[in-house]
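The values are calculated or read from the model by the stated rules, or taken from the named source; none is laboratory data. Remember, it's a predicted structure, so these values are computed and weren't measured experimentally. All Cβ positions, glycine included, derive from the backbone under ideal geometry; neighbour counts span all protein chains shown. These accessible areas exclude ligands, DNA and RNA; they are computed on the full protein's heavy atoms, side chains included. Shrake-Rupley method; radii C 1.70, N 1.55, O 1.52, S 1.80 Å.
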Amino acid sequence: MSNKSELLLKSNPVHKKIPVLIHGDKHISESLVIVQYIDETWTNGPSILPSDPHDRVVARFWAAYVDDKWLPLMSDLGKAQGEEAKAEVQEKLKEALVPLEEAFVKCSKEKAFFGGENIGYIDIALVCILGWTKAIKIMLGVKIFDVTKTPGLLKWADRFLANKAVKDVILEPEKLVEILKLHLAKREAANAN
């Protein structure tokens, strides 16, 4: 990620990071914005955002919660030094899932996914954490989803990862562990210099 191409810098001059969707002469940046663009551009299938305006705003709120609250905590866990610091971040991660559990119950309306019967916007926003939670379990022995605090999310994760549209495109946790080890090694080398 440190070797940024000229195309990336031109396509996303503000944040200078991936992902960027290039559609014709349009450059769309940021994961959730890209997902919304795809949903609004290719309308021949079911929408991933609810049709009800309030439900759509709620979906956007929880997707932003994942990006703004949960992903930084995942990053903090990777940076935590010492067992006590790691345990503190782990607890924050687990606590941050409790509101998502409540949102799942409300948004899913007792169906399989946040989007109901079909995978929806919040489901897609959360997909980025599923592989990493399994990788963290392998590397650190930390189980993020808790059957007592987040039973709905635990079952949701299993259903989501087993879905035919998802199961062949999600990286295996072992591959993510390799990526994480490379990243940590590069960071340690940079810190040593």
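Just a few scattered comments:
- With each label modelled as a point 7 angstrom along the Cα→C-beta vector, the CYS128-LEU71 pair spans 0.2 nm.
- Fraction of accessible area attributable to carbon and sulfur, the chain (%, probe 1.4 Å): 56
- Between the stretch 101-141 and the stretch 47-61, the alpha-carbon center distance in angstrom: 16
- Checked against a 27 Å cut-off, the cross-linked pairs LYS94/LYS175; LYS109/LYS164; LYS10/LYS134 give Cα-Cα distances beyond that limit for LYS10/LYS134.
- GluC sites (Glu not before Pro) within the stretch 90-145, DSSP loop, no more than 13 other Cβ atoms inside 10 Å: GLU110, GLU117
- Entry note, the chain: relative contact order of 15 percent, from Cα contacts under 8 Å with a spacing of 6+ residues.
- 18 Å tail of the calculated P(r), the stretch 123-193, as % of Cα pairs: 47
- Span-like helix ranges in the chain, DSSP H, alpha carbon extent 24 angstrom or more, Kyte mean at least -0.5: 83-108, 121-140, 173-192
- Within the stretch 53-85: backbone nitrogen closer than 19 Å to the ARG187 label point (7 Å, Cα to C-beta): 67-85
- Solvent-accessible area per residue for the stretch 55-193 (1.4 angstrom probe, square angstrom): 58
- In a DSSP loop and with at most 15 other Cβ atoms within 10 Å, the trypsin sites (Lys or Arg not before Pro) in the stretch 94-171 are LYS109, LYS111, LYS143, LYS149, LYS164, LYS167.
- Space enclosed by the convex hull of the alpha-carbon atoms of the chain, per residue, Å³: 142
- In plain terms, the bigger the Kirkwood radius, the slower the diffusion; for the stretch 1-96, with that radius from Cα pairs, at 20 °C and 1.002 mPa s, Stokes-Einstein puts D at 133 µm²/s.
- Dividing the summed -39500 (n - 2.57) terms of all DSSP H runs of n ≥ 4 by the residue count of the chain sets its mean residue ellipticity at 222 nm at -19500 deg cm²/dmol.
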